[in-house]
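Below is one structure, written out as structure tokens, with a few remarks after it.
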Amino acid sequence: MSDTRTTTTTTTTTPATTTIRSRGSVRIDTEVCKGCELCITACPPEVLSMSTEVNHLGYRFPQLHPGCTGCAACQLVCPDFCFEVYRFDEPRLTVVEVSS
Ligand code: SF4
Ligand code: SF4
């Protein structure tokens, strides 16, 4: 009888991570957004990106990533008043994976 056993070698690697500090956050009324993208370019730390999905108006909308400073530039530039901005008393840390 032949030996049908197989050997599987599993290599586990721990993904590289980095810690991002957020001093604020935003609430985005995505259903009001008209997709102009002014907020994307206005955000100094570049923590906003446009969604791939669309809202009920058919527009893509911004999504927040860790690292917001609470500077309110997005709120000031948005023509549709989509943003509420909050500042934290203490910075909040988010651990994110980084691609190598
Ligand atoms: S508050 Fe400032 S840092 Fe935060 S998302 Fe808006 S523009 Fe970006
Ligand atoms: S600036 Fe306002 S309307 Fe324009 S994409 Fe950003 S959230 Fe939407």
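Could you compute the net charge surrounding SER51? Neighbours are other residues with a C-beta less than 13 Å from the C-beta of SER51; K and R count +1, D and E count -1.
Within the 13 Å Cβ shell, the charges total -2.
So for segment 29-97, averaging the separation of alpha carbon pairs under 8 Å that are six or more residues apart and normalising by length, what relative contact order in percent results?
Numbers: 94 pairs, mean separation 22.7, N = 69.
Relative contact order here is 33 percent.
Evaluate 2.2 N^0.38 Å with N set to the residue count of the chain, then give the Cα radius of gyration divided by it.
Taking the Cα Rg and dividing by 2.2 N^0.38 Å, one obtains 1.62.
Please identify the longest segment of the chain free of exposed GluC sites (Glu not before Pro), where exposed means a DSSP state other than H, G, I, E or B and no more than 12 other Cβ atoms within 10 Å.
Between the exposed loop sites, the longest stretch runs 54-100.
Can you give the local net charge around SER22? Use residues other than it whose beta-carbon is closer than 11 angstrom to its beta-carbon, Lys and Arg +1, Asp and Glu -1.
Counting the neighbours of SER22, the net charge comes to +3.
In whole Å, how far is the Cα centre of segment 26-44 from that of segment 64-100?
The two parts, judged by their Cα centres, are 11 Å apart.
No other cysteine beta carbon under 4.7 Å away is the test; run it over the chain and list who passes.
Within the chain, the cysteines lacking a partner Cβ under 4.7 Å are CYS33, CYS36, CYS43, CYS68, CYS71, CYS78, CYS82.
Taking amide H positions as placed 1.01 Å from N in the peptide plane, with prolines and chain starts having none, which residues 5 or more places from PHE61, or on another chain, fall under 5 Å of its amide H?
The answer is SER51.
Residue by residue through segment 60-68, which ³J(HN,Hα) values in whole Hz follow from phi under the Karplus form 6.51 cos²θ - 1.76 cosθ + 1.60 (θ = phi - 60°), with glycine and proline marked x?
Those phi angles translate into 6, 9, x, 10, 8, 10, x, x, 4 Hz.
No lab work stands behind these numbers, since they all come straight from the coordinates. Because the structure is a prediction, the values reported are computed rather than measured. Glycine also receives a Cβ, built like all others from the backbone with ideal geometry; neighbour counts cover every protein chain displayed.
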